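Undergrad: Starting off with a structure, shown below.
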Amino acid sequence: SSPLLKGKRLFFGSWDHGVYALNAQNGKRIWRFSTGDQVNTSAAYWKGRIFIGSDGGTLYSLSAKTGRQLWSRSDAREFLYATPTVAYGRVYIGNSDGTMYAYGAKSGKLLWARPLGSYVYGAAAVYERKVFVGTYDGQFYALDAATGDTVWQVEAQGAVHAAPTVMDGLVYYAVCSTCGSEAQRAVASGLDATHALRVRDGKRVWRFPAGKYANPIVAD
């Protein structure tokens, strides 16, 4: 789990089943929350709350100040590898069961669950009321952020492992040639690459032959 820096605190999950908040200046532990399972996802922050998932398939909402559990949901059938994405007062997270879930950030209420493919490992990107996410069986989606309905869907040309990045009307994602070698369900084959699609309709703008596990970073 990569650490999340918010203010003067670092938040992260661990394979010792804990979620931690540390003082970013001196490393002193402020609180620890026990999830009962390993934690691979990074944390997301929204209005004094931390959202993080466990390998047991449970999504937690914790007080960033105290670590107190505010709510938890265990709708997912398998483990949570993707980091939650928070936008529009909702928490979006994909599960290795191939389903994308949306919850009310404050209430924890399940708003929608959309089956997409064989596995969802990467976090979603949210832009202009759309949720962008890829699957291991080689599909890339733009979903309506409010309903989960498919706005457009394209062939990803490989397994999507990491989160996409959106900027200036383009969504960027990478595909991995070696991901899913131990998988029990469908995994798309394709050479390592990074793709850029138009946000409005999914039209491919360019493809570059490198990427693999990468979450593309856009600069300049």
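Undergrad: Given the criteria of a type in the set (Gly, Ala, Ser), in contact (Cβ under 8 Å) with a residue 24 or more places away in the chain, surrounded by 23 or more Cβ atoms within 10 Å (Cβ to Cβ) and in contact with a Leu (Cβ under 9 Å, 6 or more places away or on another chain), does Ala124 qualify?
TA: So Ala124 fits the description; yes.
Undergrad: Still on this structure: Return the residues of the range 140-150 that are outside any loop (DSSP other than H, G, I, E, B), over 14 Å from Gly98 (Cα atoms) and open to solvent by 10 Å² or more (accessible area, probe 1.4 Å); say none if nothing qualifies.
TA: Asp144, Thr150, listed by residue number.
Undergrad: Looking at the range 83-116, which of its residues are closer than 17 Å to Gly57 by Cβ and part of a loop (DSSP other than H, G, I, E, B)?
TA: Scanning the range 83-116 gives Thr83, Pro84, Asn95, Ser96, Asp97, Gly98, Gly108, Leu116.
Undergrad: Checking Asp137 against (1) acidic (Asp, Glu); (2) surrounded by fewer than 17 Cβ atoms within 10 Å (Cβ to Cβ); (3) touching a residue at least 40 places away in the same chain (Cβ under 8 Å), which single condition isn't satisfied?
TA: Of (1) acidic (Asp, Glu); (2) surrounded by fewer than 17 Cβ atoms within 10 Å (Cβ to Cβ); (3) touching a residue at least 40 places away in the same chain (Cβ under 8 Å), only one is false for Asp137: (2).
Undergrad: Within the range 105-115, identify whether any single residue is open to solvent by less than 10 Å² (accessible area, probe 1.4 Å) and without any contact (Cβ under 8 Å) to a residue 60 or more places away in the chain, and answer yes or no.
TA: Scanning the range 105-115 turns up at least one residue that is open to solvent by less than 10 Å² (accessible area, probe 1.4 Å) and without any contact (Cβ under 8 Å) to a residue 60 or more places away in the chain.
Undergrad: Specify which of the listed residues (Gln153, Gln184) is open to solvent by 20 Å² or more (accessible area, probe 1.4 Å), over 18 Å from Ala82 (Cβ atoms), touching a residue at least 40 places away in the same chain (Cβ under 8 Å) and not hydroxyl-bearing (Ser, Thr, Tyr).
TA: Result of the check over Gln153, Gln184: Gln153.
Undergrad: Please identify the pairs in which a residue from the range 168-179 that is on the phi > 0 side of the Ramachandran plot has its Cβ atom under 6 Å from the Cβ atom of a residue that is crowded, with 24+ Cβ neighbours inside 10 Å and of a type in the set (Lys, Arg), counting only partners at least 6 apart or on another chain.
TA: none
Undergrad: While we're looking at this one, here's another question. Just the residues that are surrounded by 19 or more Cβ atoms within 10 Å (Cβ to Cβ) and part of a loop (DSSP other than H, G, I, E, B), please, taken from the range 161-181.
TA: His161, Ala162, Ala163, Pro164, Cys179, Gly180
Undergrad: I've got another one for you. Looking at the range 12-31, can you tell me whether even one residue there is buried (at least 17 other Cβ atoms within 10 Å of the Cβ) and within 16 Å of the chain's Cα centre (by Cα)?
TA: Yes: one or more hits.
Undergrad: Out of Lys65, Lys28, I need the residue that is of a type in the set (Lys, Arg), more than 25 Å from Thr165 (Cα to Cα) and free of Cβ contacts under 8 Å to residues at least 12 places away in the same chain. Which one?
TA: After applying the criteria, what remains is Lys28.
The values are calculated or read from the model by the stated rules, or taken from the named source; none is laboratory data. Please read all numbers here as calculations on a predicted model, not as lab measurements. Positions of Cβ are generated from backbone atoms using ideal geometry, with glycine treated the same way; all protein chains shown enter the neighbour counts. Only protein heavy atoms, including side chains, enter the accessible area calculation; ligands, DNA and RNA are left aside. Shrake-Rupley method; radii C 1.70, N 1.55, O 1.52, S 1.80 Å.
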